[in-house]
1. Looking at this structure, is Ile38 surrounded by 15 or more Cβ atoms within 10 Å (Cβ to Cβ), within 26 Å of Gln287 (Cβ to Cβ), hydrophobic (A, V, I, L, M, F, W, C) and at pLDDT below 90?
2. Out of curiosity, is Ala143 open to solvent by 10 Å² or more (accessible area, probe 1.4 Å) and either under 15 Å from the mean Cα position of the chain (by Cα) or at pLDDT 95 or above (or both)?
3. Of the residues in the range 73-102, how many are more than 21 Å from Leu318 (Cα to Cα) and open to solvent by 40 Å² or more (accessible area, probe 1.4 Å)?
4. Does Val229 satisfy the criteria of being part of a loop (DSSP other than H, G, I, E, B) and over 29 Å from Glu50 (Cβ atoms)?
5. Quick check on my filter: what residues within the range 257-291 are open to solvent by less than 40 Å² (accessible area, probe 1.4 Å) and of a type in the set (Ser, Thr, Tyr)?
6. Identify, by number, the condition in (1) surrounded by fewer than 15 Cβ atoms within 10 Å (Cβ to Cβ); (2) in contact with a Leu (Cβ under 9 Å, 6 or more places away or on another chain) that Tyr158 doesn't meet.
7. Of the residues Phe178, Phe182, which is part of a loop (DSSP other than H, G, I, E, B), surrounded by 16 or more Cβ atoms within 10 Å (Cβ to Cβ) and in contact with a strand residue (DSSP E or B) (Cβ under 9 Å, 6 or more places away or on another chain)?
8. Scan the range 209-238 and report the pairs whose first residue is basic (Lys, Arg) and crowded, with 16+ Cβ neighbours inside 10 Å and whose second residue is part of a helix (DSSP H, G or I) and modelled with pLDDT under 95, with Cβ atoms within less than 9 Å and a gap of 6+ or a chain change.
Amino acid sequence: MKIAFVGKGGSGKTTLSSLFIRHLAASRIPVIAVDADINQHLGAALGVDEEAAAALPAMGAHLPLIKDYLRGSNPRLTSAETMIKTTPPGEGSRLLRVCEDNPVYDACARTVPLDDGSVRLMATGPFTESDLGVACYHSKVGAVELCLNHLVDGRTEYVVVDMTAGSDSFASGMFTRFDMTFLVAEPTRKGIGVYRQYKEYARDFGVPLKVVGNKIQGPDDLAYLRSEVGDDLLVTVGHSDWVRAMEKGRPAPFTQLEETNRRALAALHGAADASYERRDWERYTRQMVHFHLKNAESWGNAKTGADLAAQVDPAFVLLEEVATPQPA
């Protein structure tokens, strides 16, 4: 299952995504956690110390390796250099699975031990001084999108992505790559503004969206949020002494998380699991191709000097049971 956490900056989406990841790990569910936010804080929220967080490999820096591996023996891809972030898989492409070892994970993922079990953590990498004036952050997030396009995942395994804040999540087609999107919203006009914008964009592509109310301080906040988002409001979370201690570097065992917040995480898990029944791999593949053709026409063809529409394999549909060619 592919799950995204979105919201405006400071809404608490990184904290909520890290708690959800911990909840899944405590349930012995395989998880890949991906930090795709320009502010790389997911590792710290999962208890990774500063030195280890700084040493996390950047997916963007390994884009050539990622492209070369995923390309496989796909005859429509004349070279790894002509692959862009939206390049879809086809016959001969190598696919990724959550529970496997492969060169992409070897280069880009690191195992993070938690109280109960562990997770694989991947990160786009920070926006650096060398990027100023010559690059945008979406070029780094492209590595995540390319991996998601080639990911075959089942019901009992999860990829949880902490997305970049606000409407920047719509800078590519990656927002359509998820089985469920949790929008973390504060009971403020700005929080509701981000929700309305996301709702409008998501509606046209059938993107499942549920709102997680955060920083709720009383009945007034709850009533305001309910009046603005209606049935999209799934659950709310309030103050957490457990989270505050973790942020101070003094984490308690996850079993000591407040019962109300544990129930909230269980509700998120239930909503994510229920979305499995609505999976439509053919629509998923069509949307992938749709955004690839848009990117090819707007900038990809000019950048690569190739006709990227030719990369589309019209007979290929990404499915759970699609076989993956093995490395030579």
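1. Taking the combined requirement at face value, the residue satisfies it.
2. When the stated conditions are applied, Ala143 does not pass them.
3. Of the residues in the range 73-102, 1 are more than 21 Å from Leu318 (Cα to Cα) and open to solvent by 40 Å² or more (accessible area, probe 1.4 Å).
4. So Val229 does not fit the description; no.
5. Ser275, Tyr284, Thr285 - these are the residues of the range 257-291 that are open to solvent by less than 40 Å² (accessible area, probe 1.4 Å) and of a type in the set (Ser, Thr, Tyr).
6. The single condition Tyr158 does not satisfy is (1).
7. Matching residue, one of Phe178, Phe182: Phe178.
8. These pairs meet every condition: Lys215/Gly191; Lys215/Asp221.
The values are calculated or read from the model by the stated rules, or taken from the named source; none is laboratory data. Because the structure is a prediction, the values reported are computed rather than measured. Cβ: placed from backbone, ideal geometry, glycine included. Neighbour counts: every protein chain shown. Note: areas computed on protein heavy atoms with side chains; ligands, DNA, RNA excluded. Shrake-Rupley method; radii C 1.70, N 1.55, O 1.52, S 1.80 Å.
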